[in-house]
Structures are given as structure tokens and as C-alpha cells.
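J.: First the structure, which I've put down as C-alpha cells, then a few questions once you've had a look.
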Amino acid sequence: MKGRALPALLLLPASAVTLVAFVLPMGWLARLSLGRTSGGVQIDTVTGDNYLRFFTDSYYLSVLWRSVWVASSVAVLAVLASYPIALFLFRTRSRWRGVLAVLTIAPLLVSSVVRTFGWMIILGDQGWINFMLRLAGLAAAPVHLMNNVTGVLIGLTEIMMPTTTLALVAGFARLDLSLEEAARTLGASPWRCFRRVTLPLTAPGIAVAALVTFVLSISSFITPSLLGGGRVPMLASTIYEEALETLDWPLAAAISLILIALFGAVLLGYERLARRWA
């Protein structure tokens, strides 16, 4: 009896924290999403109109599609840009490896708000990129890189890269460098060795990094709001607008639960993919 009670006692603090910090707020959010508002006044009722409104309104469906597309694109771009860096950090035995790792994650020490403001300066019509394009004679008029999806993709990709790199390095545990050496010894070219040995072994790490980047990107609020200039609405900004501007808390709660359900669907897909790899 004591042996059975001990694990339960050890799990009790974590279970209590989970109940108070997650289960109860989620229950309250679910109940709130079944209410409705009229003239800014919340009416205590039980209805699924908020979910029906979301999935039948072309505006909200476009927000959902744009959020998924932007987050997926950022995940792909961030993985492509971070993969060489992560692979180098994993392989190198240089005494400067620690310094290089710190430099890689150093942007995380700066607030994403500050980094987004930096991108606003760089991508503006009078920013550095447009200045270099005009200096090189490649553009006579400013190229609009702000207040559109392009600016959001550029900013989010750079902001997510340190996190993506860390996730890739952590996911490279299955990569055995001796297998690469064996393939090269047997006559495989560098490209064939990468395609047939390195890439398959690092695929789980790529999937983890893409998953983390997707989740963080689709729930991002500051960067899409600032670089998009209010013209690139995504789920997080829509939740903010419904809750604090139109004061439609039930609809905001419904959109929040839809976003959480989307997270669950993505995690389920990753779990099935991980089982296939295993």
C-alpha cells in the first residue's frame, strides 16, 4: 500500500499546479466560448453560435488560412536557414564552439519587440535594404517590404531562427558521425553522403524544430502586428481585437480554443510521424 501511495504523493504537487494553472482556466474558457454578447453586454447562455460564426464567415476563415500559411512558411524558412548552423555546431570540435553557440542564441537575450522595431527600420521604404537596392541600381522606387506578408515572413523567420537552431541541435542525437565517415570511406560523394545518411538521421530533429517554430509562429502577436501594420491579421491579433476592441469575449474565447485545437492536431500529426520513424 505504501509503495502505491508514494508515486501518487509525488505526483500530487504537479497535478495540483496543472489543475489550477491549466485545467480550470481551460474549463472557464470553454464555458465562456459558449456564451454570446449583445451590444457589448455579455449574455449568460449556452450556444455554439461563436463557432458557427467563425467557420461560416469568410473573414475568419481567411485569418485561419493566413495564420497556418505564414506559420508553415516561417517553419520551412527557419529550418532551411538554421540547419547549416545547427549541423556545424553539432559537428565542430573547435575550442570556440561554446562562443559560437552563445552567439547563435544571443538574439534571444533581446526582446522580440526590440528586434521587430529593428526590422521595421531595416525594411522601411527608407531603410537599409531599399537604400542598397537603389545604390546598386536595382530599384528606382522603394520596394514595399513593410505592412504586408513579406515583412512578416522576414521578421518572424529571423526571430525564430535561434529557437529553431536550438531545437535542431537537440534533435540531432541520432546522428552518428562515424556513419558519415563510413559512407565516405566506401566512396560516397559528399552530396550522396548527406542525402542518404545525414539527412535521414537528422529528420526527427528537423520535424521537432519545424513543430516548435510553427507553434510559436502561429501564436505570435507582436511581430505580425508591427510588421504587418494591421494589414496581416492572424489568429493571435484577431483574438486581441475581439477581446479588447469589440469586447466580444465569447468569440475571442472560441477562437482561442480553435487555436488550441489546431495545436493539438499538429501535435497529433507529429506523434504519428515520430512513430513511423521509430
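J.: What share of all Cα pairs of segment 43-120, in percent, falls into each consecutive 10 Å distance bin?
T.: Going out from 0 Å in 10 Å bins, segment 43-120 shows 14, 24, 25, 17, 13, 6, 1 percent.
J.: Now for a different question. Which distance in nm do the two modelled labels at LEU100 and HIS144 give, with both placed 7 Å along the Cα-to-Cβ direction?
T.: Spacing of the two 7 Å Cα→Cβ label points: 4.2 nm.
J.: Another question, if that's okay. With 32 Å as the cut-off, how large is the P(r) tail for the chain, expressed as percent of Cα-Cα pairs?
T.: Of all Cα-Cα distances in the chain, 43 percent exceed 32 Å.
J.: Ordered by packing density, taken as the mean number of other Cβ atoms within 10 Å over each peptide's residues, highest first, how do 257-263, 163-169 rank?
T.: 163-169, 257-263
J.: Could you sort 17-30, 123-136, 65-78 so that the peptide with the highest average Cβ count within 10 Å comes first and the rest follow in order?
T.: 65-78, 123-136, 17-30
J.: Select from GLY48, GLY171, GLY151 the residue whose mean-square fluctuation is largest in a Gaussian network model of the chain (Cα-Cα springs shorter than 10 Å).
T.: GLY48
Any read-out appearing in this document is the output of simple, stated calculations on the displayed coordinates, not a laboratory observation. All values derive from a computational prediction rather than experimental measurement. So basically every Cβ, Gly included, is an ideal-geometry build from the backbone, and we count neighbours across all protein chains shown.
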